[in-house]
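Here the structure comes first, spelled out in structure tokens, and everything after it is commentary.
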């Protein structure tokens, strides 16, 4: 007798769960489509004849070339509505110097080891042949993200995230998360224009 009393409530629960899953997946697909549309509007492609690379940056950011010569370009991605500032360097180089530049990038990250709770090196790669490391630093650090990208033969690109108001990563977690998405997009879209 007890089994028959439990059957109907169990059946109702199963039907409700099935409907929730069906509509949840459908709403999830619609949500994903909206996010993709918003992402397309949220980024613009750097298309500047002065620099030898192309990448997507936030449509809210401003791109500034500080200095350039025939082999090195110092440029910034500035977020005027926040204190975030991505300091970037692009260098034409050769295979012999790329290892040294990777070493220098790791050495710069290691300077933060005294105050960082954790330093995580995340390997990155894109379909245009760029690969390298994204260093994610947590704790009371001045720079929560540092990036090193190369094709292994001809160029080296690095970027460091800082906050101009002196904020540390732990103080602005939402901003760090937003900047991390922008850096991921930069990596995904980065390519050299010859």
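Every number in this text was worked out from the coordinates using simple rules, so none of it is lab data. Bear in mind the structure is a predicted one, so any value in this text is a computation, not a measurement.
Give me the one-decimal Kirkwood hydrodynamic radius in Å for the stretch 102-174, with the sum taken over alpha-carbon pairs.
12.9 Å
Quick check on the stretch 46-192: take the gyration tensor over C-alpha atoms, sort the square-rooted eigenvalues as a ≥ b ≥ c, and tell me if it's rounded (a/c under 1.5), prolate or oblate. Each step should come with its number before you reach the end.
Details: a/c = 1.72, a/b = 1.24, b/c = 1.39.
Because a/c hits 1.5 or more and a/b fails to exceed b/c, the stretch 46-192 counts as oblate.
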